[in-house]
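Trainee: Before I ask anything, let me first share the structure, which is written out below as structure tokens.
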Amino acid sequence: MFKDYLTGGRRVAYGARVINKGGFHALPTMHMPGAFLIGCDAGTLAHTAMKSGMLAAETVFDALLEDEQGGKDLQAYAEHFKSSWLCDELYRSRNFGSALKKWGLYLGGAYNYLDQTLFGGKFPLDLQDDREDRETLKEATDCKQINYPKPDGVISFDRLSSVYLSNTSHEEDQPCHLRLQDRDIPLVINLGRYDAPEQRYCPAGVYEIIEQGEGPRLQINAQNCIHCKTCDIKDPTGNITWVTPEGGGGPNYPNM
């Protein structure tokens, strides 16, 4: 299906970003003194992200009218949010993902059909999944190995040539911004139990298992990182911590 649309096209850019899709129950406090946390960073996506920005602009405008010094902590945003269609829409869909995760495709889908069709998203039940995303990773022995075909350079492409298009720029000798709490875990647990998933879920080829005479070792190619933060979230033991790189290096998306 994708091939029908992509054939004849040209790859012009590349990037990646973890989507905060926890929905209504996962929204943080979105205002603070002198700033907002809105859009996709807060967990509102697509048109709801744009609306969150519009509400922020309205809040700032009102604050400036009331206080020319701009000293307020912008807490009026919470009221603007609650009284808008944004809050109502997110509330009505609050159980959608949780139902599928808790009860599977068929039971979860049946619940969502009833909730959305008969109750308009207001069925008096709140479903929440308190597990971290990394806790849902299956061990290698429970999974069937997938042998992906090599990229053909026409429809599919290798990761490193795609990373080049992200205009990523890190100094080669800067300190690694992907920090391991325990250097033994990637081999003892990640490789032993999960077949080193960081090799596959990273969209930039940052993590490699290198076979050497004395045994395998993990190599981190931090200069390729495009700061999607998947590893920080998905590492099965929470062993990887992403920190801000030296000099703010990273991808430069010219069309955004």
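Trainee: How about the stretch 116-147: which of its residues are part of a helix (DSSP H, G or I) and closer than 21 Å to G23 by Cα?
Mentor: Q116, T117, D133, R134, E135, T136 - these are the residues of the stretch 116-147 that are part of a helix (DSSP H, G or I) and closer than 21 Å to G23 by Cα.
For (1) of a type in the set (A, V, I, L, M, F, W, C); (2) surrounded by 14 or more Cβ atoms within 10 Å (Cβ to Cβ), each residue gets a yes or a no:
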residue	(1), (2)
M1	yes, no
R10	no, no
A13	yes, no
G22	no, yes
A26	yes, yes
H31	no, yes
G39	no, yes
G43	no, yes
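Trainee: With the structure loaded, tell me whether V18 is in contact (Cβ under 8 Å) with a residue 40 or more places away in the chain and loosely packed, with under 10 Cβ neighbours inside 10 Å or whether it fails that test.
Mentor: It is false that V18 is in contact (Cβ under 8 Å) with a residue 40 or more places away in the chain and loosely packed, with under 10 Cβ neighbours inside 10 Å.
Trainee: Next question, about the same structure. If I filter the stretch 79-92 for residues that are in the same structural domain as M32 (by TED's automatic domain parsing) and over 26 Å from M50 (Cα atoms), do I get at least one hit?
Mentor: There is no residue in the stretch 79-92 that is in the same structural domain as M32 (by TED's automatic domain parsing) and over 26 Å from M50 (Cα atoms).
Trainee: Name every residue in the stretch 87-109 that is in contact with a Leu (Cβ under 7 Å, 6 or more places away or on another chain) and in contact (Cβ under 8 Å) with a residue 24 or more places away in the chain, in order of residue number.
Mentor: Scanning the stretch 87-109 gives N95, S98, A99, K102.
Trainee: From L74, L107, L127, L55, which residue is at pLDDT 95 or above, among the hydrophobic types (A, V, I, L, M, F, W, C) and crowded, with 19+ Cβ neighbours inside 10 Å?
Mentor: L55
Trainee: Moving to a separate point now. When you scan the stretch 221-240, do you find a residue that is on the phi > 0 side of the Ramachandran plot and acidic (D, E), even just one?
Mentor: no
Trainee: Does any residue in the stretch 227-256 that is farther than 16 Å from R17 by Cα come within less than 6 Å, Cβ to Cβ, of a residue that is of a type in the set (D, E) six or more places away or on a different chain, and which pairs are these?
Mentor: N239/D182; I240/D232
Trainee: Which of the following residues is under 30 Å from I189 (Cβ atoms) and out of contact with any His (no Cβ under 9 Å at 6 or more places or on another chain): K122, K51, K82, K101?
Mentor: One residue alone meets the criteria, K101.
Trainee: Working carefully through the options I226, I209, find the one that is in a loop (DSSP other than H, G, I, E, B) and touching a strand residue (DSSP E or B) at 6+ places or on another chain (Cβ under 9 Å).
Mentor: I226
Trainee: Restricting the stretch 148-180 to residues that are among the β-branched types (V, I, T) and assigned to a loop (DSSP other than H, G, I, E, B), which is surrounded by the most Cβ atoms within 10 Å (Cβ to Cβ)?
Mentor: Top of the filtered list is T168.
Trainee: Considering only residues that are aliphatic (A, V, I, L, M) and over 24 Å from the mean Cα position of the chain (by Cα), which ones fall in the stretch 154-205?
Mentor: V154, I155, L187, V188 - these are the residues of the stretch 154-205 that are aliphatic (A, V, I, L, M) and over 24 Å from the mean Cα position of the chain (by Cα).
The values are calculated or read from the model by the stated rules, or taken from the named source; none is laboratory data. Bear in mind the structure is a predicted one, so any value in this text is a computation, not a measurement. Cβ coordinates were reconstructed from backbone atoms using ideal geometry, including for glycine residues, and neighbour counts include every protein chain displayed.
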